[in-house]
Structure formats: C-alpha cells, structure tokens
Amino acid sequence: MNDRNPTMATAQLPDWNALQPGDALPPLELPPIRRLDLALYCGASGDHNPIHVDVDFARSAGMPDVFAHGMLSAAWLARLLTNWVPQSAIRSLDLRFAALTHVGERIRCTGTVAEKFEHEGRRSVRLKLATANHEGAARLSAEALVAWP
Amino acid sequence: MIDRRHIGHQLPPFQVEVEKGRLRFFAKATGQTDPVYTDEAAARDAGHPGLPVPPTFLFCLEMEAPNPAAIRELLGMDYRSLLHGEQGFSYHAMAYAGDMLTFRQRIEDIYDKKNGALEFVVRKTHVHNQRDELVAELRCVTVVRNQ
C-alpha cells in the first residue's frame, strides 16, 4: 500500500519538557481502502478470517460486504506512534474497535497528548489515539503510554 | 452461552520464529515506509540487531499457533458471530527477526452483557524470547454476538 505520506525516517524522541496536554501528533492519512489492501493484510498478518476477504462468506454472516481487519487500523495507529517516537519508547498500546471500517473509506489516524507525568523516575506521556473515516465517523479509539529512556 | 468453567484455562505454549520476509510483507501491507522495518542496514544504523517486530505484529505471530482455532473450538464459537472488541499490548522488550518467541495463552475471563446477547472472552498472552525475557503481554477481547 502506498499512501500520500512521505517516506518516514525513524523518529527521534521529541523534547518532553516542551510537550503539553492537548498537543497533537502529526496525523497519518491513508488512501481509500481497497479490497486488495484487505487481501494483502490477510496474507501478511496471517489473519485468514474469510469475513475480511470473501464477500460470499461475509454475506452468509449477514454482512453486506467484507470489511477491514480492525488490526489493520491498529497497525496504522502504531505507525502514527513510530512516526513520532522510536518504537522502544512505546510502553503500551490499548485499542478498542468501536465501529467497523469499510472498503472505500479514507482513514485518518490522530493522536493527542492526554497527560504528562513522571512514573518510576521516567518521563512519560499518555496519548489518546483514534481513527475516523473521511466523514469524521469514529472507528477505533486507543490509548498509548510512551516513556523516555 | 459459553461455559464459564473455561475461565482460567491455559492453552499449551507454542513457539514461533520471527521471519524477516513476513516482516517485510507486513510493512508492505500496512504502508510502513520507514526503512528500519524493511532494510537490515537501516535497522542496524538505528541501533537494532535486526529488523524489529512492529508493535501490533505480535498479535499476528500469536495466530501462528499450531491450531489458531483452538480457543474457538474449545468454547464452541462460530466465526460468523465473532468480533474483535479490544486488543491491548504491554511492551517489555523489543523483538527482532530471527527471535524464537514463546506464547503462553490463558482464558482470563468470560462474561456477558445485554442478558447474554453479547458475550465476551478475554484472552491474556505472555510472550517471551529465546533468552526467556518477557517481550510483551497481550490482551484480546473477543465479542460473541448471540442471536
């Protein structure tokens, strides 16, 4: 999948002292979800649940169409994080799949600093993360904890 | 209704080797363009011993269990009625291509809402590397929609 975001180099940790609650992470915008993207994610992730790639199966389950893996959006939220800090700084990531993400939707990943604190001597921030479609409808919500070394 | 006696059930541990080809395929499938996740030289330049396992890929490795349907079969759940409700990761150490990871899964809780119309199965997984270091804890909440 190619998206409009420039090629990312590994992030350096931002200056913790300068961060404030409410600060926004640079958002991550994805192109419209294609069925091909779901097929690639099916293979790459090892999640072979047919409901994401086989429309016949999806209909037999009462769905009008296939829909995106929640964990594909989760991977995009993880990219939002690793674009902002080195991965080793991420202490936790907790995702809630609030609504289905559909083929054709353009997903935007956003994050804000919710809280800044020191925990066991380590400078930390708690982030609120979310995905929404191009109409602003919420899809995933998440929380992450980032700690400085 | 799912039998609550399965709360506390531990599944047989299993091992999964982290393959760098899968990591590159995952990077492609998720639009990851940071070369650290696909180029070993870039990974080493960034201080990593090899290609890192990205944050959510541990969930994918967990699906490499000898029988990925083991919990579904044990609890008698149909694919068609399942939704992934929540997924949590607590990270303790980075994992890399070539690591041999051990997954230990346990059914942490089973509960229902809306008079049984929705049931929830909480699975907790501990992941250790080949040096027996704790890599991560995973928490998965599966939602069962009962008709």
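The values are calculated or read from the model by the stated rules, or taken from the named source; none is laboratory data. Just so it is clear, the structure is predicted and the values come from calculations on it, not from any experiment. Here the Cβ is made from the backbone with ideal geometry for all residues, glycine too, and neighbour counts use every protein chain on show.
Within the range A:41-52, the set of residues being over 20 Å from the mean Cα position of the chain (by Cα) and at pLDDT 95 or above is empty.
To keep it simple, each residue is scored yes or no on (1) within 20 Å of B:Phe59 (Cβ to Cβ); (2) in contact with a strand residue (DSSP E or B) (Cβ under 9 Å, 6 or more places away or on another chain); (3) modelled with pLDDT under 95; (4) not hydrophobic (A, V, I, L, M, F, W, C).
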residue: A:Ala68; (1), (2), (3), (4): yes, yes, no, no
residue: A:Pro86; (1), (2), (3), (4): no, no, no, yes
residue: A:Leu93; (1), (2), (3), (4): yes, yes, no, no
residue: A:Cys109; (1), (2), (3), (4): yes, yes, no, no
residue: A:Lys116; (1), (2), (3), (4): no, yes, no, yes
residue: A:Arg126; (1), (2), (3), (4): no, yes, no, yes
residue: A:Arg139; (1), (2), (3), (4): yes, yes, no, yes
residue: A:Glu143; (1), (2), (3), (4): yes, yes, no, yes
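In summary, B:Leu134 fulfils each of the numbered conditions (1) within 25 Å of A:Glu143 (Cα to Cα); (2) at the interface with another protein chain (Cβ under 9 Å from one of its Cβ atoms); (3) not β-branched (Val, Ile, Thr) with the single exception of condition (2).
Tell me, which residue of the range B:44-86 that is within 8 Å of chain A (Cβ to nearest Cβ), more than 26 Å from B:Pro12 (Cβ to Cβ) and without any contact (Cβ under 8 Å) to a residue 24 or more places away in the chain is surrounded by the fewest Cβ atoms within 10 Å (Cβ to Cβ)? Result: B:Arg80.
Just to be sure before I move on: is B:Glu40 more than 10 Å from every other protein chain (Cβ to nearest Cβ), at pLDDT 95 or above and under 19 Å from B:His128 (Cα atoms) in the structure I sent? Outline the logic, then answer.
On the way: more than 10 Å from every other protein chain (Cβ to nearest Cβ): yes; at pLDDT 95 or above: yes; under 19 Å from B:His128 (Cα atoms): no.
No: the conditions fail for B:Glu40.
Which members of the range A:34-49 meet the condition of being farther than 10 Å from A:His69 by Cβ and in contact (Cβ under 8 Å) with a residue 40 or more places away in the chain? Can you show your working first?
Keep residues of the range A:34-49 that are farther than 10 Å from A:His69 by Cβ, which gives A:34-36, A:39-40, A:43-44, A:46, A:48.
Matches in the range A:34-49: A:Arg34, A:Arg35.
Between A:Ala18, A:Ala44, the distinction of being surrounded by 15 or more Cβ atoms within 10 Å (Cβ to Cβ) and among the aliphatic types (A, V, I, L, M) belongs to A:Ala44 only.
Can you find a residue in the range A:88-108 that is away from chain B (no Cβ under 12 Å), buried (at least 19 other Cβ atoms within 10 Å of the Cβ), touching a residue at least 24 places away in the same chain (Cβ under 8 Å) and under 16 Å from the mean Cα position of the chain (by Cα)? Scanning the range A:88-108, I find at least one residue that is away from chain B (no Cβ under 12 Å), buried (at least 19 other Cβ atoms within 10 Å of the Cβ), touching a residue at least 24 places away in the same chain (Cβ under 8 Å) and under 16 Å from the mean Cα position of the chain (by Cα), so the answer is yes. A single member of B:Gln105, B:Gln32 is crowded, with 19+ Cβ neighbours inside 10 Å, at pLDDT 95 or above and not in a loop (DSSP other than H, G, I, E, B), and it is B:Gln105. Scoring B:Val121 on the criteria (1) within 9 Å of chain A (Cβ to nearest Cβ); (2) touching a residue at least 40 places away in the same chain (Cβ under 8 Å) leaves a single failure, condition (1). Summed over the range A:109-119, the residues that are out of contact with any helix residue (DSSP H, G or I) (no Cβ under 8 Å at 6 or more places or on another chain) and either crowded, with 20+ Cβ neighbours inside 10 Å or among the β-branched types (Val, Ile, Thr) (or both) give a count of 2.
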